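Worksheet: the structure to be examined is printed underneath.
The values are calculated or read from the model by the stated rules, or taken from the named source; none is laboratory data. Fair warning: this is a prediction, and the values are worked out from it, not measured in the lab. Every residue, glycine among them, receives a Cβ derived from its backbone with ideal geometry; neighbour counts consider all protein chains shown. Side chains included, ligands, DNA and RNA excluded: accessible areas come from the protein's heavy atoms. Shrake-Rupley method; radii C 1.70, N 1.55, O 1.52, S 1.80 Å.
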Amino acid sequence: MTSQDELEILAAARAVFQSEATELLAQFEAALLVIERQPDDAEAMNCAFRAAHTMKGSGGLFGCDALVAFTHEVESLLDDLRAGAIALSDDIMGVLLQSRDQLEVLLSELDLPQASPQAAATNESLGARLRALRDRAPSVALASARADAAAPASAPAGGPREWRIQLKMGADALRNGLDPLSFVRYLATLGTLTGVTTDTSRVPELVELDAEACVLSFDIRFSGDRDHAEIVQVFDFLVDDCELVVEEVGTSVAATEVVEAAAVEVVEIAQAAPAVAAADMRSGDGDRRQAARRGDDQRFIRVRADKLDALIDLIGELVIASSGAQMVAQQEHSARFVESTARIHDLVQSARDGALGLRMVPIGESFARFHRVVRDVSKQLGKDVDLQITGAETEMDKSMVESIADPLMHLVRNSLDHGIETPAERIAAGKAPTGRLALHAYHESGAIAIEVSDDGKGLDRERILAKAVSRGLVAPDAAAALPDEAVWQLIFEAGFSTADQVTNLSGRGVGMDVVRSNVQAMRGQIRIASMAGRGATMQLRLPLTLAIIDGFLTSIGGVHYVLPLDIVAECIEMPAECDEPIAGASGTFDLRGDVVPFIDLRRLFRLAGKASGRRSLVVVRTGAGQLGLLVDRLHGEYQTVIKPLNAIFQQLPGIAGSTILGSGEVALILDVAALEGQALADQSRRPTALQSAPALGA
Amino acid sequence: MDAADATRTTAWTAEEEFTIAQAETCRQALLERLSACQEGEPFGTLDLGAVKRIDTAAVQVILALRRTLANGGQALRVHPASAAVHDALGLYGLVGLLGEAA
């Protein structure tokens with residue numbers, strides 16, 4: 001192997017490590033934030049510890065000394081926290097979160113031969129603070145545990161249970177940074193250690209001792225109101241490096257459980273074959289445990305994103321080809337041919353769904369980082385905010401999860417900054433001092449909806465309108481009649497900001513318009529619901545994927561147009577008022593008493609010829625309400641692959657892309673957001689149209 | 001030099017950190033000290049008074065030393081021992097190591 005190869009392998013491995021470490025950092029942060037709220041959450045503490053520990057271990061493999069040394073300090077502090085040797089304070093939490101940021105910096109510098117001077121300096125200063133925090137409080141864990149035992153009043157009803165824990169350490173435990181002492185100390189915080197016998201029989205003479213190999217075994221008597229699982233959990237990190245037997249003293253032998261990593265399987269085997277000698281089990285378990293762990297690892301494989309994209313492209317072509325074959329089959333009037341193409345079509349659809357599923361990831365990853373954002377921002381603003389996340393398991397395309405991160409961040413910050421009031425204002429308004437910010441995601445009719453809602457003061461209609469009028473976005477006499485939804489949409493106009501006080505978070509007037517354009521670029525929509533004094537909800541609706549569209553096919557003249565199916569509300573016969581001569585391409589019609597704007601697409605696109613036969617109006621849902629689109633013919637649902645338009649055509653108003661029909665013809669995909677903008681613009685120029693319109697419904 | 005004096009001779013003094021990072025160095029130092037001891041000469045005591053942090057690797061070094069000394073017919077004496085050492089050996093049920101200077 002040449003050194004070039006070695007370098008490449010190392011670089012590839014490093015990339016894997018980096019992405020894993022990024023995930024670990026996210027876990028670490030999430031766990032810290034849980035601990036901040038519930039300092040006694042043992043699982044979260046374990047999780048933070050595990051993340052730091054794994055990072056340290058992997059970092060060592062790549063010779064990132066700065067990372068290893070720093071993580072070690074973090075880990076030691078966590079260890080002390082876990083053992084109860086020191087109590088959690090704001091100070092400690094602050095330093096731990098800073099440490100997380102520092103770890104991120106160190107990771108980003110992984111490719112450099114050594115850490116930058118800046119990072120090294122931070123390493124030094126933060127490391128010193130971590131050490132200082134640990135030194136401040138001496139170990140009190142054992143003392144307190146003993147004090148508990150001395151006061152039987154604190155013992156729970158039913159009396160504590162007596163446990164015997166046998167811990168035979170593997171040789172590598174110490175080298176792996178796992179000190180049984182910490183675990184015993186931690187165990188002491190859960191109850192009372194009634195006796196620890198350290199088996200020193202494997203300790204050799206000094207001259208033969210491998211100073212870093214662990215040769216001790218422990219027999220621990222423990223008393224406390226803990227169940228089996230809780231005790232096993234204490235030794236969670238050690239499972240790979242020890243043999244652990246936990247049994248309740250005074251129970252029959254039959255109830256004795258042998259505990260290993262893959263507990264269920266092992267226990268079953270142990271029960272099925274009681275004749276197996278203990279020694280046999282010992283050696284066999286290790287292998288089985290290894291196998292189980294390997295199985296775990298293989299549940300995920302890493303695939304290059306471009307390979308996946310190539311596959312999805314190919315399947316897209318297959319969708320088109322399959323539609324084409326189906327059409328040919330119909331034209332050939334061969335029942336058997338039609339049947340077989342139908343079967344192929346079904347399979348292609350399944351393959352398509354499967355391929356797209358490969359790119360799907362739970363949105364929770366993207367939500368998780370908001371815990372930190374909410375914490376930091378609300379501290380900075382002196383507000384007290386509780387973040388609630390629901391629907392984190394909702395899946396969406398990975399590339400979209402990435403593209404949605406920034407817009408979401410903006411909406412969250414906007415809610416924190418402008419929506420939720422300070423505790424004093426909240427109390428004055430008769431609300432709980434703690435504000436609530438909720439992130440909610442769910443699937444709805446082929447789209448994903450993400451909502452950011454707060455229980456703050458809501459949007460201020462008058463102020464938005466005043467500003468919009470002063471900026472010439474709305475005609476002064478049209479302002480009063482604008483429906484709420486249309487008013488809320490105004491905040492997405494470029495250069496619009498209503499904050500009285502411009503803060504460094506939001507309120508610079510850039511952002512909300514960027515949010516909308518980003519969302520629209522993903523064929524998504526933003527809707528706002530707001531109630532003065534009660535709060536606001538911003539809803540993003542996005543297609544599940546960017547590559548394939550569930551479309552609704554229509555035609556005008558000889559040209560096909562596709563609308564995203566999930567925004568189509570209904571199709572109606574063209575109302576009489578749409579046929580009246582109108583200036584421009586848009587007007588309004590009466591939809592069961594509501595005034596709804598419509599666009600005559602034939603006029604908008606200046607298509608030659610005159611409409612013949614019965615025309616239809618497709619009513620679509622838009623950010624601000626509804627919009628009617630006048631077309632010649634409806635062709636129904638159509639699933640297709642989106643092809644971006646050539647650069648020459650990208651400036652076409654109202655067209656978002658193109659697609660190829662089974663027949664080989666090109667269909668144009670309509671950009672509903674742009675069409676809506678056009679209709680609204682037309683109407684604000686002609687306010688009389690809106691004001692006279694209600695008469696139609698009366 | 002009689003035996004009573006020997007127990008007050010400090011054979012080796014641990015520093016603040018007595019953990020896996022120092023374990024091998026300590027082992028070497030103790031081995032040197034052992035080989036310096038002539039047949040029948042008492043080893044002396046371990047001074048763990050300054051230790052602020054001790055871990056299992058360090059405890060093992062002490063135990064291995066005890067075994068070596070025991071094979072040579074000597075007892076190990078640890079004196080003085082810091083709070084951290086008391087704490088660790090207490091958790092491990094090894095307070096017997098802390099033979100308060102006989």
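Computed over the alpha carbons of region A:565-664, Rg followed by Dmax gives 14.7, 42 Å. Find the centroid of the Cα atoms in region A:13-38 and in region A:608-679, then give the distance between the two in whole Å. Each part's Cα centre sits 44 Å from the other's.
How many Å² of accessible surface get buried when A and B come together, counting both sides, probe radius 1.4 Å, rounded to the nearest 100? Could the numbers behind the result be given before it?
Details: alone 35020 and 5960 Å², together 38460 Å².
Approximately 2500 Å², summed over both chains.
At a 1.4 Å probe radius, which order do A:Val666, A:Val319 fall into by accessible area, largest first? Let's see the in-between values first.
Details: A:Val666 90, A:Val319 10 Å².
Final ranking, largest accessible area leading: A:Val666, A:Val319.
Entry for region B:3-98 at q = 0.16, 0.18, 0.25 Å⁻¹: log10 I(q)/I(0) = -0.60, -0.77, -1.50, Debye formula applied to identical alpha-carbon scatterers, no solvent contribution.
Accessible surface comparison of A:Ile567, A:Ile427, probe 1.4 Å, protein chains only, largest first: the order is A:Ile427, A:Ile567. Note on region B:3-98: with neighbouring protein chains present and a 1.4 Å probe, carbon and sulfur make up 49 percent of its accessible heavy-atom surface.
Accessible area, 1.4 Å probe, largest first: how do A:Met327, A:Met409, A:Met45 sort?
Details: A:Met327 65, A:Met409 35, A:Met45 15 Å².
Reading off the accessible areas and sorting them downward yields A:Met327, A:Met409, A:Met45.
Accessible area of B:Trp12 (1.4 Å probe, protein heavy atoms only, ligands and nucleic acids ignored): about 40 Å².
Taking all protein chains as they are arranged and a probe of 1.4 Å, the heavy atoms of A:Glu402 leave approximately 110 Å² accessible to solvent.
Counting only protein heavy atoms and a 1.4 Å probe, region B:3-98 has 43 square angstrom of accessible area per residue.
Using R0 = 30 Å, the C-beta based FRET efficiency linking A:Gln166 and B:Ala21 works out to 0.55. Quick one: plug the Kirkwood hydrodynamic radius of region A:1-103 (C-alpha pairs) into Stokes-Einstein at 4 °C, 1.567 mPa s, and report D in µm²/s. Estimated diffusion coefficient is 90 µm²/s.
Only Cα pairs under 8 Å and 6+ residues apart enter the sum, and on that basis the relative contact order of chain B stands at 31 percent. One decimal place: the segment A:Arg471-A:Asp199 gains 89.8 nm when fully extended, by the rule 0.36 nm per residue minus the C-alpha distance.
For A:Arg37, the accessible surface of its heavy atoms amounts to roughly 150 Å² (probe 1.4 Å, protein chains only, rounded to the nearest 10). Placing dummy labels 7 Å off each Cα toward the beta-carbon, the span from A:Asp41 to A:Asp313 is 4.3 nm. Centroid-to-centroid, using Cα positions, region B:41-67 and region A:517-579 are 75 Å apart. Taken per residue, the accessible surface of region A:346-425 reaches 41 Å², heavy atoms only and a 1.4 Å probe.
Output the relative contact order of region A:27-108, whole-number percent, from Cα pairs under 8 angstrom with separation of 6+ residues. Don't skip to the end; give the middle numbers.
On the way: 65 pairs, mean separation 25.2, N = 82.
About 31 percent, as a whole number.
Comparing each chain alone with all protein chains together (probe 1.4 Å, DNA, RNA and ligands left out), the residues of region A:182-206 losing at least 30 Å² of accessible area are A:Arg185, A:Val196, A:Thr198, A:Thr200, A:Val203, A:Glu205, A:Leu206. Placing pseudo-labels 7 Å out from each Cα toward the beta carbon at A:Glu637 and A:His443 gives an inter-label distance of 1.4 nm.
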